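Novice: Below is one structure. I have some questions about it.
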Amino acid sequence: MLLLIGSGPMAVEYAKVLKAQAREFVVVGRGAASAEAFTQATGAPVMAGGLDDAIASGRLPRAASAIVSVGVEALYETSAALLKFGVKHLLIEKPGLMRPDQIGPLQKAARSAGARVYIAYNRRFLASVRRAREIIEEDGGLTSFTFDFTEWGHEIEALTKAPGVKELWALGNSSHVLDLAFHLGGAPKRLHATRAGALDWHPASAVFVGSGVTSSDVPFAYHADWDAPGRWGLEFCTRRHKLIFRPMEKLQVMRKGSVQIEEIAADQEDARLDAEFKPGLFRQVEAFYATDTGALCTLDELEANLEHFCAIAGYERAAPAMA
């Protein structure tokens, strides 16, 4: 039995995967409208009224596992409540929390519960990424990599989000790119970050430029400008290939001795799953249930990454609570 917490669009995507994998699950949602839309999309009923009410009323069944798919502002509180309820196996939608200072309490709650907790960075499981891992290994590892996490500031400014979410947008959204960069490229042991400018909705910075070296002595560099045109992208270099993710769902390569860029086909089954379900999600849920969870992001890994994410974006590591 698995608890799926949330009934929004992302929860719908999880339900599709869970049904395809023949997993038994119970859905807990908050609002009546989202619950109705969820049921219409998936055919699965929703226990409406929210997690706290479901626990307090005794309606929530005991379950060993749960997936948290709620808004960023509610990730930490929802996860902490589930751990207190007795869940021992937890997958939390990225970035796992809203503020950097919540990582310590979340780790403490997981240790107290004796639980295994993972963060759902589904792009680690894209068919394109899985194929890239194979090429990197065949080529003997990376020589360097670069990435761009430019966001469309003109569109984000108009979005309605909970207080504090847009101010930490690099954590809540751009970390998809940052996480994948360091997942494939390696964790930084040195990082030099430069920032400039500010936006009304993101006062910490608007332009991000930097470089560093990973623990395996692979140099890297990055650039993002949220006040200019651009898009997400990553490039990983080996002695034989340049691997290009732009968009991230496709793997393109440039071979040594050529300037031609060509798309590389992923494993046929991986590609089929990414076409049928939200890309990366089927393999991610599969890994969550598997003994080998090596590609999943652990809380300890998130803690280490947060230091780098915050340095890149200009956030205080121990950010004060926001209204």
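Novice: Filter the GluC sites (Glu not before Pro) in segment 1-61 down to the DSSP loop ones having no more than 14 other Cβ atoms within 10 Å, then list what survives.
Specialist: Passing sites in segment 1-61 are Glu24.
Novice: Here's something else I'd like to know. Would you please name the trypsin sites (Lys or Arg not before Pro) within segment 259-323 that are DSSP coil residues with at most 14 other C-beta atoms within 10 Å of their C-beta?
Specialist: Arg317
Novice: Something else about it: Throw me the Rg/Rh for segment 59-199, computed over C-alpha atoms with Kirkwood Rh, two decimals.
Specialist: 1.01
Novice: What FRET efficiency, computed as 1/(1 + (r/R0)^6) with R0 = 25 Å and r the Cβ-Cβ distance, is obtained for Glu263 and Ser211, rounded to the nearest 0.05?
Specialist: 0.30
Novice: Oh, and also: What span do the alpha-carbon atoms of segment 1-85 cover on each of the three principal axes, reported in whole Å from largest to smallest?
Specialist: 29, 26, 24
Novice: In addition: Using a 1.4 Å probe, what is the accessible area per residue for the chain, in Å²?
Specialist: Values: 14310 Å² over 323 residues.
Computed with neighbouring chains in place, this is 44 Å² per residue.
Novice: Next question, about the same structure. Between Lys88 and Met1, what length in nm is gained on full extension when 0.36 nm per residue of separation is reduced by their alpha carbon distance?
Specialist: The span from Lys88 to Met1 would gain 30.1 nm if fully extended.
Novice: Could you derive backbone 3J(HN,Hα) for segment 223-237 from the dihedral phi with the Karplus parameters 6.51, -1.76 and 1.60 (θ = phi - 60°), listing whole Hz in sequence and x where the residue is Gly or Pro?
Specialist: Residue by residue, segment 223-237 yields 7, 7, 9, 7, 10, 9, x, x, 7, 5, x, 9, 9, 10, 9 Hz.
Novice: Can you pull the one-decimal nm distance between simple spin-label points at Ala20 and His154, each 7 Å off the Cα toward Cβ?
Specialist: Label at Ala20, label at His154, 3.6 nm between them.
Novice: Still on this structure: Take the Cα gyration tensor of the chain, multiply each eigenvalue by 5, square-root it, and list the three semi-axes largest first, rounded to whole angstrom.
Specialist: Listed largest to smallest, the semi-axes of the chain are 33, 24, 19 Å.
Novice: Determine the share of the chain's accessible area contributed by carbon and sulfur atoms, expressed in whole percent, with a 1.4 angstrom probe.
Specialist: Ligands and nucleic acids excluded, carbon and sulfur reach 51 percent.
Novice: How high is the relative contact order of the chain, given as a whole-number percent (alpha carbon pairs under 8 Å, six or more residues apart)?
Specialist: Relative contact order here is 18 percent.
Novice: Along the Cα-to-C-beta direction of Gln252, a point sits 7 Å from the Cα; which residues of segment 261-298 have their amide N less than 11 Å from that point?
Specialist: Counting backbone N atoms under 11 Å from the label point, the list is 261-264.
Novice: If I require 18 Å or longer along the helix axis, counting alpha carbons, and a Kyte-Doolittle average no lower than 0.0, what helices from the chain are left? Use full DSSP H segments.
Specialist: The qualifying helices are 299-313.
Novice: At R0 = 51 Å, how high is the FRET efficiency between Ala196 and Ala275 if r is their beta carbon distance? Nearest 0.05 is fine. Show your work: numbers first, answer last.
Specialist: On the way: r = 40 Å, r/R0 = 0.78.
Computed FRET efficiency for Ala196 and Ala275: 0.80.
Novice: Would you mind telling me the antiparallel percentage of the DSSP bridges in the chain, rounded to 5?
Specialist: On the way: 34 of 56 bridges.
Roughly 60 percent of the beta bridges in the chain run antiparallel, per DSSP.
Novice: For Thr214, what charge total do you get from the other residues with a beta carbon under 12 Å from its beta carbon, if Lys and Arg give +1 and Asp and Glu give -1?
Specialist: Charge balance near Thr214 sits at +1.
Novice: In segment 76-226, what percentage of the DSSP-assigned beta bridges are antiparallel, given to the nearest 5?
Specialist: 65
Novice: Turning to a different aspect of this structure: Once amide H atoms are built 1.01 Å from N in the peptide plane, which residues 5 or more positions from Arg23, or in another chain, come under 5 Å H to H?
Specialist: none
Novice: Full extension from Ala64 to Glu303: what is 0.36 nm times the residue separation minus their Cα-Cα distance, to one decimal in nm? Don't skip to the end; give the middle numbers.
Specialist: Details: separation 239, 0.36 × 239 = 86.04 nm, distance 2.42 nm.
My answer for the length gained is 83.6 nm.
Novice: For labels at Ala56 and Ile135 in the simple 7 Å Cα→Cβ model, what's the distance in nm?
Specialist: In this crude label model, Ala56 to Ile135 measures out at 5.4 nm.
Novice: Now for a separate question. List the trypsin sites (Lys or Arg not before Pro) within segment 154-196 that DSSP assigns to loop and that have no more than 16 neighbouring Cβ atoms inside 10 Å.
Specialist: Loop-located and lightly packed - Lys161.
Novice: Same structure, new question: Calculate the all-directions average of the projected area of segment 240-323's alpha-carbon convex hull, and give it in nm².
Specialist: Averaged projected area of segment 240-323's Cα convex hull equals 9.5 nm².
The values are calculated or read from the model by the stated rules, or taken from the named source; none is laboratory data. These figures come from a predicted structure and were not determined experimentally. Ideal geometry is used to build each Cβ from the backbone, glycine not excepted, and the neighbour counts take in all protein chains shown. Keep in mind that these areas ignore ligands, DNA and RNA; they rest on the heavy atoms of the full protein, side chains included. Shrake-Rupley method; radii C 1.70, N 1.55, O 1.52, S 1.80 Å.
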